[in-house]
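Structure record follows, encoded as C-alpha cells.
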Amino acid sequence: MRALAWIIATTLLVSLADESVAGRRVTVTREAIRALGATRLHDLIAVTEPWNPQSNDGYTVSPTPRALSLPRAAQWAVFLNGQRLDVTVFDAVHLEMVPVSLAEIDSVVFCDESGPGTSWDSGRGRVEIFAARARGGWNAGGAVSAANESGDPGPWRYTDRTTPNVDGIGPDGSLWVSCGASRWYAALSASLAQHPYTDNAMRERTVTALRTYRPGATTPASDATAWFYDPTWPAVLRTSASLRAGVRAGSRWQEALVSVQDARRYFHYSEPFGRELPTDQRVTTFALSGRAGLAANLSLGYHASASESQLSDQDGVLAFDYDWETRRARGDVDLARAGRDSRVVLFAGIEERRAATTDSLSRDEDTFVRAGLTAERRLGARWRVGLDAAGTFSNGDAAASLGATANWTVRQADTLRARVRVAQRLFVEDDNLWLWSERGYDLLARNGVSYTIDGPVTNTTVSSADLGWTSRGMLGGVDVDLGVRRFDDAYVEQRAFAFDPTTCAFVSPTRVTTGRTGHVALVRTRLWHGLGSNSWADFSWTYHEEFNSDDAFGALGGPSPGTA
C-alpha cells in the first residue's frame with residue numbers, strides 16, 4: 001500500500017470548465033502564462049492539478065492525468081490548433097518539441113480524457129495548444145530567456161549526495177513573423193533552445209554517458225551555435241520551425257501546418273536502461289484541418305496529417321544508434337449537430353503506422369480504425385446528461401469505451417456531477433519499446449539490457465467513477481471531486497535498481513508482468529476567491545491512494561529513481 005499526496009498552492013489564474021463527455025478540462029490562458037513567468041510548456045503541467053507530473057531531467061515530463069493511466073505511461077497526446085504532433089520517443093513525450101514559441105500561444109487546454117471527435121487516439125490525456133492567428137496586418141516578435149535558479153537545497157541536503165537540485169535554463173530564443181486579415185493569416189516561427197543538466201548526480205551520469213556513447217567526440221559546433229553551445233557537453237539542443245496558414249470560409253477556419261523539429265544530444269532518462277540515453281530526433285509534419293457548415297446546426301470537420309520521426313546518429317559520432325524511423329498517416333472526419341438543448345458528434349478515422357529499422361521485425365506496419373459518438377442533452381433547467389462510445393480496431397483486435405455523465409444544478413450556486421466510464425486500450429497503441437522488442441527490435445538486447453515479459457500483453461481496461469460538487473458565490477467558490485479507478489489486465493514494469501555511486505547510474509533487469517489488477521482512489525478540493533480584478537487567490541489539494549491491488553501494481557506508487 002502506497003500513498004501519494006501533494007499540495008499545489010499557486011496564484012495562477014486557471015479557468016475550469018464543467019464536467020462533460022469530454023472529461024475535465026483545465027485551461028491556462030495567455031495572461032496566466034505571463035503571470036506564472038513560465039519559460040517552457042512543461043512549466044504549465046506543474047500547476048495543472050491533478051495531472052501529477054514527474055520529471056527525471058526537468059525537460060521531459062511524465063504526467064498521470066487524473067489517475068486515469070499508469071504512472072509514467074506515455075499515454076497522452078499533444079495537439080497544435082487541433083492538429084496532432086508526433087513528439088513521442090518510446091517511453092517519453094517531448095512537450096518542448098512543439099514548434100511554436102510560448103509567447104505565440106493564446107491558451108493551453110489540458111484534457112484528462114479524449115473528447116468529441118478525437119478519433120486519432122484513444123489515450124487518456126491530451127494537451128491542446130492554441131497559437132494566435134494574425135488578423136491585423138504584419139506582426140513580428142522575438143523572445144529570449146535564460147535563468148539559473150539558486151537557493152534550493154534539494155532533497156539530499158543532509159546526505160553525502162547533497163546537490164543544489166536546480167537546473168539552468170537556456171539561453172532560449174525565438175522569432176516569428178505573421179501577416180493576416182479577418183479572413184486569412186500566415187505565420188512563420190523559428191526557435192532554438194538548450195537545456196543543460198546541472199544537477200550533480202545527473203551531470204555525473206551524463207558526462208559518463210557522453211564519454212561512452214561519443215568516444216573521442218570532437219565534432220565542433222556549427223558556426224550558428226558555437227558562440228553559446230558546447231557539443232561536448234551533455235545538453236539538449238532543440239531547434240524547430242513551422243509555417244501555419246489559414247483561410248476562413250464563413251465562420252469556419254481551414255488551416256494548414258508544416259513543421260520541422262530537431263533535438264540533438266538529448267540524454268533523456270530511460271527507465272528500462274536505468275540511465276540517460278542520447279537521442280537525436282527529427283520530426284517532420286504536414287497537417288490539414290478545418291470545418292465546414294452544412295446547415296444551420298450541422299457541421300463537418302476533418303483532419304489529415306502525415307509525419308516522419310527519425311531517431312539516428314545525426315552527427316555520426318555516436319557509439320549508440322537507435323536506427324529507427326516511424327512514418328504515420330492519419331485522417332478523420334466528424335459530423336456535429338448542435339441544437340438548443342442537445343449536441344451529437346459522430347466521428348470516424350483511420351491511421352497507418354510504419355516502422356523502419358535494419359533489425360528484422362515480425363510486423364512493421366499497423367492500421368488503426370476508430371469510430372464513435374458523443375451526445376449531450378439538457379433535460380429541463382436543472383439536468384444535463386451525456387453519453388460517449390467509441391471503438392478501436394487494429395490487426396484483428398478491438399478495444400471499446402463507454403461513458404456516461406450527469407450534471408444536476410441543485411440551485412443557481414450549486415452543481416452536482418457524476419461520471420462513469422469503462423475504457424479499453426490496445427497494447428499496440430502504446431508504441432513503446434516493449435511492443436517493438438517483442439516484434440524483433442534489438443535495441444535493448446544489443447545494449448545489454450536484461451528483460452523478461454512473463455506473458456502476452458492484452459488490452460488494458462480502466463473503469464472509473466467520479467462524483468463532484470461545485471458551489472460558487474460572489475466572493476469565490478469551492479470545488480470537490482471524489483474518484484475511484486480500477487485497472488484490469490495492466491502490464492507493469494518491475495525493477496530492482498542497484499545504484500553505482502561511482503557513476504551515479506542504476507543497473508537492473510526489468511521484468512514486465514502482465515494481467516495485473518489495481519485500484520486508485522482520488523480526492524481533490526479547490527478553494528478560490530475573487531475580490532474584484534485586483535485580488536484573487538486559488539488553492540488546490542489532491543490526494544491519491546492505491547489500495548486492494550496486486551503487489552506488482554502497488555509497487556508503482558514508489559518514487560521514480562531517475563534523480564537519486
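With every protein chain in place and a 1.4 angstrom probe, the accessible-area ranking of W383, W253, W434, W138, largest first, reads W138, W383, W253, W434. Accessible area per residue for segment 416-553, computed on protein heavy atoms with a 1.4 Å probe, is 44 Å². Might you tell me the accessible area per residue for segment 322-361, computed with a 1.4 Å probe and given in Å²? That works out to 51 Å² per residue. A 1.4 Å probe, protein heavy atoms only, puts the accessible area of F368 near 0 Å². What's the FRET efficiency of Y302 with D500 using the Cβ-Cβ distance as r and R₀ = 56 Å, to the nearest 0.05? Here the calculated transfer efficiency is 0.60. Between the alpha-carbon centres of segment 32-93 and segment 427-448 there is a gap of 23 Å. Modelled label positions at A140 and T284, each set 7 Å beyond Cα in the direction of Cβ, lie 2.9 nm from each other.
In this structure S362 has an accessible area near 100 Å², from a 1.4 Å probe over the protein heavy atoms.
Rolled with a 1.4 Å probe across the full set of protein chains, the surface gives D364 an accessible area near 80 Å². Apolar share of the accessible surface for segment 234-313: 62 percent from carbon plus sulfur atoms, 1.4 Å probe. Protein heavy-atom surface of segment 386-434, 1.4 angstrom probe: 64% of the accessible area is carbon and sulfur, with nucleic acids and ligands not counted. Sum up the charges of everything whose Cβ sits under 9 Å from the Cβ of E352, counting Lys and Arg as +1 and Asp and Glu as -1, but leave E352 out. Value of the local net charge: +2.
The values are calculated or read from the model by the stated rules, or taken from the named source; none is laboratory data. Since we're looking at a predicted model, the values are computed, not measured. Positions of Cβ are generated from backbone atoms using ideal geometry, with glycine treated the same way; all protein chains shown enter the neighbour counts. Heavy atoms of the whole protein, side chains included, go into the accessibility calculation; ligands, DNA and RNA do not. Shrake-Rupley method; radii C 1.70, N 1.55, O 1.52, S 1.80 Å.
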